[in-house]
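Below is one structure, written out as structure tokens, with a few remarks after it.
The values are calculated or read from the model by the stated rules, or taken from the named source; none is laboratory data. None of the values given here were measured: they were computed from a predicted structure. Here Cβ is always computed from backbone atoms with ideal geometry, including for glycine, and neighbour counts include all displayed protein chains. Quick note on the areas: whole protein, heavy atoms, side chains included, nothing else; ligands and nucleic acids left out. Shrake-Rupley method; radii C 1.70, N 1.55, O 1.52, S 1.80 Å.
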Amino acid sequence: MLYYLFEFLEKNYQLPGAGLFQFITFRASAAVILSLLISTIYGKRVINFLRAKQVGESVRELGLEGQSQKAGTPTMGGIIIIMSTLIPVLLFAKLENIYILVLIATTLWMGTIGFVDDYIKIFKKDKEGLKGKFKVLGQVGLGILVGATLYFHPEVTIKEELKAPNSVEVVANGNAELEYGNEEKSTKTTIPFVKNNEFDYSALLSWMGDNYKSYAWLIFIPIVVFIITAVSNGANLTDGIDGLAAGTSAIIVLTLGIFAWVSGNIIFSDYLNIMYIPRAGEITVFIAAFAGGLVGFLWYNAFPAQVFMGDTGSLTIGGIIAVIAIAIRKEWLIPILCGIFLAENLSVVLQVSYFKYTKKKFGEGRRIFLMSPLHHHYQKKGYHESKIVTRFWIVGILLAVVTVVTLKLR
């Protein structure tokens, strides 16, 4: 909203300084500062409100050290993250931008699913919360909505650089000039560590004949559904000890911010030889606000936590990360960048599968890990949760560095 106000003031009254709002970097900086202020200043008020309403965590006895001390800690703290993300976005982002609209819808959609889950756990005294099938149904519904929007909306496009016949000689003489074609709809994405690193999902349907690109949505939308479901569940499983999900997610989001900014900038995308996505740079403003909200929430969620994010936060975080990665066409980097989420997910899948297999074969279930998800395995081994969180953050930073390196390492 402030963007439009200052745009009006600049256009009609030439107000000094109003032109700064035309720069994504300025608006992103303002968004992250405001988000930090909201999450740290008003976050305390939200925590006090949740405590007054007795919105406390009910802890199941799992035999983990320090677990009983967490009982009664306010949950649903994901409200802090959502609030401190959406307010700066509404103030500083271009609200007609399709990517911003999709991310706002994702935040509200996944936040609602998480809120209902937490509400059932707390006020209905049902520790299972929202039944898994309804949770997955909500994730699939969001995936269909996001996939259809990104596939069919006319403003979701890419631009490809035109190569002149004599481009080799021009580059050799050091006089290369940027020349791009018109914006075009495409289902191309980026494959890491490959020289010609663009892959078109529609190619999977080339066997259907000359008109195969018209049916690319049959591949694209299910892939979007799978990614959103997997990443949101991964973030949900990672939220198990103080500061782990918030800190890990902040690292991931800041890395995606780098990709969003360079992908939406015609000069840097050409220099790095990556896909140029018109209007995608605006996502940087959303990411800045989101990162500020995560770091501000971490102020209260670090050990010993004064508040838990609950599914209100964890499901929302995973959904947003997935949609950003898909929007900037870097979803194939998710297994690397979100390696912590992947490890947490796999630990549960492997544990459950192996337990069922050994129970069927030997009559007694056996386990790979002392406990899953993975962070609980290390708790069972006697590591303090602060050490676990710090080491997971370090691994997350290393994965983020590797992800950024893929910009040039092919």
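What the table shows:
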| read-out | value |
| --- | --- |
| Positive-end extreme of charge dipole, segment 303-410 - chosen from Val405, Thr358, Tyr383 (charges on Cβ) | Thr358 |
| Inter-label distance, nm, simple model (7 Å from Cα along the C-beta direction), Leu272/Lys195 | 2.2 nm |
| Val349/Leu2 FRET efficiency (R0 45 Å; Cβ-Cβ; nearest 0.05) | 0.50 |
| Linear extension gain, Tyr42 paired with Phe123, 0.36 nm per residue minus alpha-carbon span | 26.8 nm |
| Ile219-Thr358 pseudo-label distance in nm [points 7 Å out on the Cα-to-Cβ vector] | 4.0 nm |
| Computed lengthening from Tyr13 to Leu95, 0.36 nm per intervening residue step minus Cα-Cα distance | 27.2 nm |
| As computed over segment 95-158, the Cα convex hull volume per residue (Å³) | 73 Å³ |
| Nearest-ten-degree value, helix 339-362 long axis tilted from longest Cα axis of the chain | 50 degrees |
| Where Met83, Met275 fall by accessible area, highest first, once all protein chains stay in place (1.4 Å) | Met83, Met275 |
| Relative packing of 310-323, 25-38, which averages over residues the other C-beta atoms within 10 Å, highest first | 310-323, 25-38 |
| Acute angle (nearest 10 degrees) that the helix 310-327 long axis makes with the longest principal axis of the chain, alpha-carbon atoms | 20 degrees |
| Rounded accessible area of Lys185 (nearest 10 Å², 1.4 Å probe) | 90 Å² |
| Contact order relative to length of segment 178-334, as percent, for alpha carbon pairs under 8 angstrom and 6 or more apart | 30 percent |
| The chain, helix-only ellipticity at 222 nm - DSSP H runs n ≥ 4, -39,500 (n - 2.57), divided by all residues, nearest 500 | -19500 deg cm²/dmol |
| Per-peptide average of other Cβ atoms within 10 Å, ordering 256-262, 186-192, 354-360 highest first | 256-262, 186-192, 354-360 |
| In degrees, nearest ten, helix 43-52 long axis to first principal axis of the chain (Cα) | 30 degrees |
| Other-chain or far-sequence residues with amide H under 5 Å of Asp200's (modelled H) | Thr189 |
| Overall Cα dimensions of segment 197-354, principal axis frame, Å, largest first | 60, 45, 22 |
| Only Lys, Arg (+1) and Asp, Glu (-1) charged, at Cβ; the chain dipole about Cα centre in debye | 1760 debye |
| Relative contact order for the chain, counting Cα pairs under 8 Å that sit 6 or more residues apart, in percent | 24 percent |
| 12 Å cut-off, amide nitrogen to a point 7 angstrom out along Lys380 Cα→Cβ, residues in segment 339-361 | 348, 351-352, 355 |
| Theoretical gain in end-to-end length, Val401 to Ala52 [0.36 nm per residue, Cα-Cα removed] | 121.4 nm |
